[in-house]
1. Find the helices (runs of 4 or more DSSP H) located wholly in the range 1-111 whose residues include 3 or more that are modelled with pLDDT of 80 or more and open to solvent by 50 Å² or more (accessible area, probe 1.4 Å), and list them.
2. Quick one: would you say D159 is farther than 27 Å from K214 by Cα and exposed (fewer than 15 other Cβ atoms within 10 Å of the Cβ)?
3. Scan the range 255-276 for residues that are without any contact (Cβ under 8 Å) to a residue 12 or more places away in the chain and either closer than 21 Å to K161 by Cα or assigned to a helix (DSSP H, G or I) (or both) and jot them down.
4. Restricting attention to the range 119-137, does a residue exist that is modelled with pLDDT of 75 or more and surrounded by fewer than 16 Cβ atoms within 10 Å (Cβ to Cβ)?
5. In the range 261-316, which residue that is polar (S, T, N, Q) and closer than 14 Å to V248 by Cα is surrounded by the fewest Cβ atoms within 10 Å (Cβ to Cβ)?
6. What tally of residues in the range 162-197 results from selecting those that are of a type in the set (A, V, I, L, M) and over 14 Å from the mean Cα position of the chain (by Cα)?
7. Could you check how many residues of the range 173-218 are without any contact (Cβ under 8 Å) to a residue 60 or more places away in the chain, under 18 Å from S141 (Cβ atoms) and open to solvent by less than 40 Å² (accessible area, probe 1.4 Å)?
Amino acid sequence: MKIDRLLAITVLLLNRGRLSANELAERFEVSSKTIYRDMDTLSQAGIPIIAHQGMAGGFEIMEHYTIDKYWLSREEMSSLVMAVKGLSRALDDTQVSMLLEKVKSLLHRVEQGLDVEDRHEAIVMDFQPWGQRQGMKSTVSLLRQAIQDKHRVTMRYIDVKGDHERRTVEPASLILKGNVWYLHAFCLEREDQRIFRLSRMQDMEVLNQTFGPKPVSSMERLEWEPAWSETREQEVALLFDTTVGQRVADMFPPHLITYSLEGSIRVQVSYRLDEWFYGMILSFGDHVKIESPTEAAAEIQRRARLILQRYDNQDR
């Protein structure tokens, strides 16, 4: 709808500053002529749109202009409450609790007389996973404070090979990927930016050493980097027993799953044949068989034999 696009354009210009007609047209999948008409409409509505010509040109809103909070609908305010509630479950932080109260207060003003706590929530977000290692909340709070105070952190880190290394880092940001916490930081030993998984950070200590500004890349989301793994992706065919059908459904999308008349479940998927892959396969015990590639099946056999050897001659 045009009114939704106009509101979205206004919010974008308020948050990001100058944007060209082509950028806006691509984002909203309309023509540049439509964007120009939208700008005329916004100007007529009293929003101070400024147009700039030239290579660096575009549209922006006059500096210091703000919109009233009531431009947010009840549903949009409810979404904010939902998101902040989920964050408060993952963080032991008074600031987040205060933020939740402020957002709920705004929602009360948008919809007078509605009790936020009594209304049924269509979506519940809980970033606190079952089975999470104890002490994770306090670790997150400690690192968050170190980021704010710009204090260096030292730790014993367990890398992907299981080796323990002493690292000193300058923390930049905390990242919650799914239900796993990561730290984005500048590592003094590597003299470069690194990503650390919090559960692998042992004997952590915040040092009484501050650090100054350093060019650290912005990271709004954590994407997988192919350089992190030395192995390439391969097509893998897996045959599961129906007894683990619930786990198969948890891990794989329906279009990759085929149910046979013989009572087995076949999955065709691409994987990197690394430690994570072999650990995942072994976690299914005798309820899965690798049909292909043959080298992956041979590696599972080798690892299974090593496991059996650990239980041989236990009386020694």
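The values are calculated or read from the model by the stated rules, or taken from the named source; none is laboratory data. Being a predicted model, the structure only gives us computed values, none of them experimental. Here Cβ is always computed from backbone atoms with ideal geometry, including for glycine, and neighbour counts include all displayed protein chains. All accessible areas refer to the heavy atoms of the entire protein, side chains included, with ligands and DNA or RNA removed. Shrake-Rupley method; radii C 1.70, N 1.55, O 1.52, S 1.80 Å.
1. Working: elements: 2-16, 21-28, 32-44, 74-90, 94-110.
The qualifying helices (runs of 4 or more DSSP H) are 21-28, 32-44.
2. Values: farther than 27 Å from K214 by Cα: no; exposed (fewer than 15 other Cβ atoms within 10 Å of the Cβ): yes.
Here the answer is no, as D159 does not meet what is asked.
3. Once the filter is applied, which keeps residues that are without any contact (Cβ under 8 Å) to a residue 12 or more places away in the chain and either closer than 21 Å to K161 by Cα or assigned to a helix (DSSP H, G or I) (or both), the range 255-276 yields H255, W276.
4. Looking only at the range 119-137, we keep the residues that are modelled with pLDDT of 75 or more, and these are 136-137.
Checking which are surrounded by fewer than 16 Cβ atoms within 10 Å (Cβ to Cβ) leaves us with none.
The answer is no, given that none of the residues of the range 119-137 is modelled with pLDDT of 75 or more and surrounded by fewer than 16 Cβ atoms within 10 Å (Cβ to Cβ).
5. Taking the range 261-316 first, the residues polar (S, T, N, Q) are 264, 268, 270, 283, 292, 294, 301, 309, 313-314.
Within this subset, residues satisfying the condition of being closer than 14 Å to V248 by Cα are 264, 268, 283.
Working: S264: 13, Q268: 15, S283: 11.
In this case the residue turns out to be S283.
6. First, pick out the residues of the range 162-197 that are of a type in the set (A, V, I, L, M): 169, 172, 174-176, 180, 183, 185, 188, 195.
Those still in the list that are over 14 Å from the mean Cα position of the chain (by Cα) too: 169, 172, 185, 188.
The qualifying residues number 4.
7. Number satisfying all stated conditions: 9.
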